[in-house]
Structures are given as C-alpha cells and as structure tokens.
1. List the GluC sites (Glu not before Pro) within the stretch 35-128 that fall in a DSSP loop (any state other than H, G, I, E or B) and whose Cβ has at most 15 other Cβ atoms within 10 Å.
2. Around SER124, what is the net charge, scoring Lys/Arg as +1 and Asp/Glu as -1 over all other residues with Cβ under 13 Å from its Cβ?
3. Which of the lysines could a cross-linker bridge to LYS117, judged by Cα under 25 Å and excluding same-chain residues fewer than eight apart?
4. Add -39500 (n - 2.57) for each DSSP H run of 4 or more in the chain, then divide by its residues: what number comes out at 222 nm, to the nearest 500 deg cm²/dmol?
5. Would you mind getting the accessible area per residue of the stretch 10-118, heavy atoms of the protein chains only, 1.4 Å probe, in Å²?
6. Residues with beta-carbon under 12 Å from that of ASP56, excluding ASP56: net charge, scoring Lys, Arg +1 and Asp, Glu -1?
7. If I model a spin label as a point 7 Å beyond the Cα along the Cα-Cβ vector, how far apart are those points for ASP116 and SER143 in nm?
8. Tell me the label-point distance for the pair THR108, LEU162, using the 7 Å Cα-to-Cβ offset, in nm and rounded to one decimal.
Amino acid sequence: MKKEIIISGFGGQGVLSMGKILAYSGLMEDKEVTWMPAYGPEQRGGTCNVTVIVSDERVSSPIVSEYDVAIVLNQPSLDKFEPRVKKGGFLIYDTSGIINPPKRTDITVCPIAAMDKAVEMKNSKVFNMIVLGGLLKVCPVVSDKGVEKALYKTLPERHHGLIPLNMEAITAGKEIIG
C-alpha cells in the first residue's frame, strides 16, 4: 500500500495540521511516511498545501507530481490540483469552499459539507478533523486508533481534553462524505 495525498486550502483551515496528524498516524502504525508542507505568507490567508505519503514500504522521494488523493478546501486549490489527481484516484472537496465543482469523470469525486458540520457541532476548529474523517472513509490509509495516538502525540497536553471532540469529528466526517 502506498498513497500519495495532497491537502490544500487557505492558511488557517488546518491544512498543515491535518497533514501532520495524518503523517503521525502512519508513524503510530509503523508505516513509512513523508510530510512536506508548502507555505509562506499563505499562513495569513493565502493558499497552502501539504503532501503526505503513507506507505508499507520505504518512500523514495517526497516529491510528487500526481496524487492518488487530493483534498481541496478552496477554489484555487481545486483549479490547481484537480488535473494532478491520478486516473482512478479520489478528489475530496469541502462544499462551502468551492464555486465551480470538479468536472473530471475518470476519478472519484467526494463532496463533504465539513464546514456546515463544524458549525452544527458548534466548533469551527474541528473542520479539518471532519475532512480527515472523510478521507479515512474513502481511503483508509490509517486507523482511527492511529489517529487518536497521533493526536496525543502532536497536541500539547493542555489540549488532550479536546481529543474526544476531535475523534467525534472524524466519525462525523465518515458519516457525511458523499
């Protein structure tokens, strides 16, 4: 198993955190992983992205030009990465961040109303965990147990009380992905 994943959106949407948690989840399950963020002034609202590769075997290079899965959270990310999803791959997009939906028919397109669900859960900070749950439904590269272990590893101890809410968000994402 080897999955090459790009996650892209506006700075502040939790893109880099989602990638970091996904990569740590793979580490917790003894998988080979790479995590390669791309950002600069994007942290202040521009578009940023992170490439995560999760594999059962060594990863030779973190540089990827086509992806098995693209998660896009805004229109500029969709415009940039839709053409770079491998034929037969997955494109996951948040319905509130996209004006012109994906048009390709040779990939599986999965809308997820993550922002709407985060509002319903009364916590916009779980938006990225809802999206991560959607990913894990359509492409289960890591287990929920691995994600939970990764959250304990990556979140400061003072935030460990929020882990049950994050796991609830993962479950919600699995339930609402289209």
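1. GLU57, GLU66
2. 0
3. Candidates past the 8-residue exclusion: LYS20, LYS103, LYS125, LYS137, LYS145, LYS149, LYS174.
4. -11000 deg cm²/dmol, from helical runs alone.
5. Accessible area per residue, the stretch 10-118: 48 Å².
6. Counting the neighbours of ASP56, the net charge comes to 0.
7. About 3.3 nm, to one decimal.
8. About 3.1 nm separates the two model spin labels.
The values are calculated or read from the model by the stated rules, or taken from the named source; none is laboratory data. All values derive from a computational prediction rather than experimental measurement. Note that each Cβ is placed from the backbone with ideal geometry, even for glycine, and that neighbours are counted across all protein chains shown. Accessible surface is based on the protein model in full, side chains and every heavy atom, while ligands, DNA and RNA are left aside. Shrake-Rupley method; radii C 1.70, N 1.55, O 1.52, S 1.80 Å.
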